[in-house]
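The values are calculated or read from the model by the stated rules, or taken from the named source; none is laboratory data. Nothing here was measured: the structure is a model prediction, and the numbers come from that model. Positions of Cβ are backbone-derived with ideal geometry, glycine not excepted, and every protein chain shown enters the neighbour counts. Accessible surface is based on the protein model in full, side chains and every heavy atom, while ligands, DNA and RNA are left aside. Shrake-Rupley method; radii C 1.70, N 1.55, O 1.52, S 1.80 Å.
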Amino acid sequence: MRIQFREDQPLRVAWDLLQILSGVVTGVCLPIAVLAPSQHYAWPQLWLLLSALGCLDILVVLRTSVELEGTLTLNSRLIARRYLKSWLGTDLLANLPVLLGFAAGPGLWLQALRCTKIFRIISRWQALQLFNPLILQILKYVFGLTLLINGTSASWLWLGLSNLNSDSWIQRTSLQEAGFETQYLASVYWSVATLASVGYGDITPRTWNEVVLAIVVMIMGVLTLAVAIGNVVSILNQLDSGRSQFRNHQTALRQYLKFNGVSRTTLDRLRRYHDYQWKRFRGLRPEFMLQDLPVSFRSEVTLEILSDHLSEVPLFSKSPARLKSQLAILLRWEFYPPGSILLRKGEPGDSLVFIIKGAAVIEADGAIGISDRQYHSGDYLGDLSFFLKERRTSNVITKEFTEALILDRALFDQLIEEEPILRDIIRGMASTRSERNQNLLLAGVVI
Amino acid sequence: MLAKMLQQILVSMELSSRIITGCLVISISGELDTTTSPELDALLAKECASVKNILFSLGAMDYISSVGLRTFLANLKKVKAAGGRMALAELNEEVREVFDMAGFSTLFEIYASLNEAESALGIA
């Protein structure tokens, strides 16, 4: 049996995580292994293990289906050709030499190429939208900065150790007798201070090699800081941009309403409405957000968003798939804060209202029993005035945040003509509420 | 006099009733709404006491409003409470739709033809 992976399957993502870890370990340990004077930091087994993992990853990549122009392909020849044109060479260079026994010299150094894997994997995750893209972007910067600091630190230490005369920074800071760990820490300290443009002056370049490296590191530091600060600010803004835009809109509306003398009670209701809108839809109106999608896709997405609630609505649970898709895009999706008028007394009965979430109650005196007055998720209302073509005799008020799908008469007539089964479905739904409608009519209530 | 004439012109419903073997058979033609329902109410109030079952022949009834429906529903309750039966026959398509879509078809005995309804009530 041939194993085939998909880029977004959990096992594959876990494998990617292992590869990222392998890249980070390489990036951090490789300079130490190269510079360390003792065998203590050579870690031959570590490089063998990481190279074996890298080679295994080449096989995994060759067995992972890829998306070509939006279509998922399992064609191994296409996958291999694509890999060959992109990163196969780099991955072979990074991993094969150590496995073939060239664990010293260039073989060891070439493993640095393994670090490119970190950024490739994160970019792929971003394209697949597997995780929050902003967090992935931050991760890229963190890894990039870590590798840069480690690289410059290693270079600085290498200069200090390779030229142990009196002018070397190691000599001037009297670290020639210190352990490798202390020397490396001092090097990292200089590197961070220089990259961050702090420049305390306790460790300074004096030999020409050190000066050249310091110039390079300073330029890199300025560029990195500029890019990092710009990106961090932009990322932080983006992290909360939806909410702050929504807040601005809320504030503007509130000020306008206040200016026009709207009462505090209404303003409080408005605030609760906005809170609900944020919690439920992140401040957006789904019907507007989905407008640009192709019709069939929009209906699929709407049904998926509403899937938790629609199972309770007989109009949907009893409809065949085709009618369900039509209803999902044609019905108007509204939501109301508590205390809103869902159906208004005196208005013509021109719509059927299907409650998908929340509850509402008929505003009437004690002539109707409480169970007949209340409507909950899955109930529908407006049918008496709709089918009798009369005006509504009472208000229906929402008791809590209520979401409803509205079927207007024109749409109903059109749908009944196109999908006669809709008549049978509503007839079936009506048969379960004859008792309630009888009680309402006998009490003189037509809603 | 003039008012009475005007009302007769405006009131677009005609009622006829007969009693066959203890069953009140009422034929309604035209529209059963707020204006015309009181007449049906009065007829039922007058005749109900002497019969057990009621059969409505609605072949010529074009429209029913909520008030007309209420008259049917209120009298259905009374007839059922007295152990009788109420049947509706020959509903036209529009009226039948109102009964079906508002859920009232399950409350009434509804027959496609008068003969069928009469046999069901045992008056054929």
If the only charges are +1 at each Lys and Arg Cβ and -1 at each Asp and Glu Cβ, what is the size of the charge dipole of the protein assembly as shown around the Cα centre, to the nearest 20 debye? 1260
Can you sort A:Thr73, A:Thr402, A:Thr182 by 1.4 Å-probe accessible area, starting with the largest? A:Thr182, A:Thr73, A:Thr402
Rounded to the nearest 5, what is the percent of antiparallel bridges among the DSSP beta bridges in the protein assembly as shown? 65
Work from the charge dipole of the range A:328-447 (Cβ charges, +1 for Lys and Arg, -1 for Asp and Glu, about the Cα centre) and give the residue of A:Ile341, A:Val353, A:Pro420 farthest towards its positive end. A:Ile341
Once the whole set of protein chains is in place, how much accessible area is left on A:Glu363, using a 1.4 Å probe, in Å² to the nearest 10? 100
Normalised by the residues of chain A, what does the relative contact order come to in percent, with Cα pairs under 8 Å and at least six apart? 10
Solvent-accessible area of A:Ile3, probe 1.4 Å, all protein chains present, reported in Å² to the nearest ten, please. 100
Treating only the Cα positions of the range A:160-245 as identical point scatterers, give the base-10 log of I(q)/I(0) from the Debye formula at each q in 0.22, 0.25, 0.26 Å⁻¹. -1.03, -1.21, -1.26
Kirkwood Rh, the range A:309-351, all Cα pairs: how many Å? 12.7
For B:Phe99, A:Phe119, the accessible-area ranking with a 1.4 Å probe, largest leading, is A:Phe119, B:Phe99
Cβ charges +1 (Lys, Arg) and -1 (Asp, Glu), total dipole of chain B, debye: 680
Shielding of A:14-21 by other chains, given as the mean Cβ count within 10 Å, works out to 0
Counting Lys and Arg as +1 and Asp and Glu as -1, each charge on the Cβ, what is the dipole of the range A:73-195 about the Cα centre in debye, to the nearest 20? 920
Of A:Lys318/B:Lys77; A:Lys258/A:Lys357; A:Lys345/A:Lys399; A:Lys399/B:Lys80; A:Lys279/A:Lys389; A:Lys140/A:Lys279, pairs whose Cα-Cα distance is over 26 Å: A:Lys318/B:Lys77; A:Lys258/A:Lys357; A:Lys399/B:Lys80; A:Lys279/A:Lys389; A:Lys140/A:Lys279
When you look at the Cβ of every residue in B:88-99, what mean number of other chain Cβ atoms sits within 10 Å? 1
At a probe size of 1.4 Å, how large is the accessible area of A:Leu441, to the nearest 10 Å²? 0
Residue order for A:Tyr375, A:Tyr189 - accessible surface, 1.4 angstrom probe, largest first: A:Tyr189, A:Tyr375
Residue-averaged beta-carbon neighbours from other chains (10 angstrom radius) around A:423-432: 4
Computed curve, the range A:76-155, Cα-only Debye sum without solvent term, log₁₀ I(q)/I(0) at 0.11, 0.14, 0.23, 0.25 Å⁻¹, is -0.40, -0.63, -1.09, -1.12
If you average 1/r across every pair of different Cα atoms in chain A and take the reciprocal, what Kirkwood value do you get, in Å? 28.4
